[in-house]
Amino acid sequence: MVKILAEEKLLEAIDWKKIPNAQRNLDPKFKGLPYDPQDTWSVPKDWGTTGFVYRTDLIKERPTSWKEFFALFKKYPRKLTLLDGSPEVIGSVAVMMGYSYNTDDRGELDKVRSFLLDLKPLVHSIDSVTYKQKIVAGKAYGGMAWNGDGAFVASKKPAEYIVAKEGGEFWVDAYVIPVGAKNADAAHAWINFVYQPKINALETSYTFYGSPLKRPLLRRALAKSVFNNPDVFPPANLIKKLEANNVSPTGTRLRERIWTEFKSA
């Protein structure tokens, strides 16, 4: 979305001189990301992975792959959820089939479409907002999840969050300032404020999503249980297997048609 908004001239450029905390504390690996290679339009907010979570007390299997996860839908019909987003769902099924998370090949996406239409009657719900509460309550046994939500479920009930062994998505959320913002100075002041290690650690402790600050700055600011949690801070060898969301305009059009058909089926 950063790239799309910037291309549509809907963003103000970030004035890095006004955010010295971000300049000083941002981990270099979050600079020059593909959607904003010159760091012109955005500042990383948090980051994580897309995988799945399941209740280990309700599901006897121990899935480690997308193939094993999706096989659970037949074993536990209408007990597993999917995220309400075409990139995550279509991308993850594509990875399961051996394709790129960002594939825009019509033939490959047709196979994803067929798979999803067959899956739809077995899905508990398509939900990106309350699914973690459903899983904690036992209304659902598990589902596709972002790592922070997976860690939340695991903190409440016997559960495990998994990044599928085939791969999947590595994502970054970002701060941006819209064109015409009435108080861009305040926006910069906010970004600068939250880039203090203690303040950033508060957000990480609440959301269970990774902080983009330099790792040593977080050691004292975060509880060890969060700082050392691989669900919150996935290790580098795992991140190497993942792809950032970078679907082409053609791929986006094809995927949105599939997604509309899937949701309405």
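The values are calculated or read from the model by the stated rules, or taken from the named source; none is laboratory data. These numbers come from a predicted model, not from an experiment. A quick note on method: Cβ atoms are made from the backbone with ideal geometry, for glycine too, and the neighbour counts reach across all protein chains shown.
Answer yes if at least one residue in the stretch 84-102 is among the acidic types (Asp, Glu) and out of contact with any strand residue (DSSP E or B) (no Cβ under 7 Å at 6 or more places or on another chain), and no otherwise. Show your work before the answer.
Pass one, the stretch 84-102, residues among the acidic types (Asp, Glu): 84, 88.
Filter once more, keeping what is out of contact with any strand residue (DSSP E or B) (no Cβ under 7 Å at 6 or more places or on another chain): none.
Checked against the condition, which is being among the acidic types (Asp, Glu) and out of contact with any strand residue (DSSP E or B) (no Cβ under 7 Å at 6 or more places or on another chain), the stretch 84-102 yields no hits at all.
Restricting to the stretch 218-265, name every residue that is assigned to a loop (DSSP other than H, G, I, E, B) and basic (Lys, Arg). Reasoning before the result, please.
Quick first cut of the stretch 218-265, residues assigned to a loop (DSSP other than H, G, I, E, B) only: 219-223, 228-235, 240-241, 245-248, 265.
Those that are assigned to a loop (DSSP other than H, G, I, E, B) and basic (Lys, Arg): 219, 220, 240, 241.
With the requirement that a residue be more than 17 Å from residue 259 (Cβ to Cβ) and not hydroxyl-bearing (Ser, Thr, Tyr), what does the stretch 71-95 give you?
Here is the first cut: in the stretch 71-95, the residues more than 17 Å from residue 259 (Cβ to Cβ) are 71-80.
Within the stretch 71-95, 71, 72, 73, 74, 75, 77, 78, 79, 80 meet the criteria.
Which of the following residues is within 25 Å of residue 239 (Cβ to Cβ), crowded, with 17+ Cβ neighbours inside 10 Å and of a type outside the set (Asp, Glu): 72, 82?
Details: 72 fails: within 25 Å of residue 239 (Cβ to Cβ).
Unique residue meeting the criteria: 82.
Right, residue 33: of a type in the set (A, V, I, L, M, F, W, C) and modelled with pLDDT of 95 or more or not? Explain how you work it out, then say what you get.
Numbers: of a type in the set (A, V, I, L, M, F, W, C): yes; modelled with pLDDT of 95 or more: no.
No: the conditions fail for residue 33.
If you check residue 173 against the conditions, is it charged (D, E, K, R), in contact with a Phe, Trp or Tyr (Cβ under 8 Å, 6 or more places away or on another chain) and either part of a helix (DSSP H, G or I) or without any contact (Cβ under 8 Å) to a residue 12 or more places away in the chain (or both)?
Numbers: charged (D, E, K, R): yes; in contact with a Phe, Trp or Tyr (Cβ under 8 Å, 6 or more places away or on another chain): yes; either part of a helix (DSSP H, G or I) or without any contact (Cβ under 8 Å) to a residue 12 or more places away in the chain (or both): no.
For residue 173, the condition - charged (D, E, K, R), in contact with a Phe, Trp or Tyr (Cβ under 8 Å, 6 or more places away or on another chain) and either part of a helix (DSSP H, G or I) or without any contact (Cβ under 8 Å) to a residue 12 or more places away in the chain (or both) - is not met.
Would you mind listing the helices (runs of 4 or more DSSP H) fully within the stretch 13-103 where at least 3 residues are among the small types (Gly, Ala, Ser)?
Numbers: elements: 20-25, 66-75, 86-96.
Of the helices (runs of 4 or more DSSP H) lying wholly inside the stretch 13-103, those with at least 3 residues that are among the small types (Gly, Ala, Ser) span 86-96.
Among the residues of the stretch 106-151, which ones are hydrophobic (A, V, I, L, M, F, W, C), over 14 Å from the mean Cα position of the chain (by Cα) and in a helix (DSSP H, G or I)?
So the first thing to find is which residues in the stretch 106-151 are hydrophobic (A, V, I, L, M, F, W, C), and the list is 109, 112, 115-117, 119, 122-123, 126, 129, 135-137, 140, 144-146, 151.
Still in the list and also over 14 Å from the mean Cα position of the chain (by Cα): 109, 112, 115-117, 119, 122-123, 126, 135-137, 140.
Of everything in the stretch 106-151, those that are hydrophobic (A, V, I, L, M, F, W, C), over 14 Å from the mean Cα position of the chain (by Cα) and in a helix (DSSP H, G or I) turn out to be 109, 112, 115, 116, 117, 119, 122, 135, 136, 137.
Kindly provide the set of residues from the stretch 153-163 that are in a helix (DSSP H, G or I) and surrounded by 23 or more Cβ atoms within 10 Å (Cβ to Cβ), ordered by number.
153, the sole residue that qualifies.
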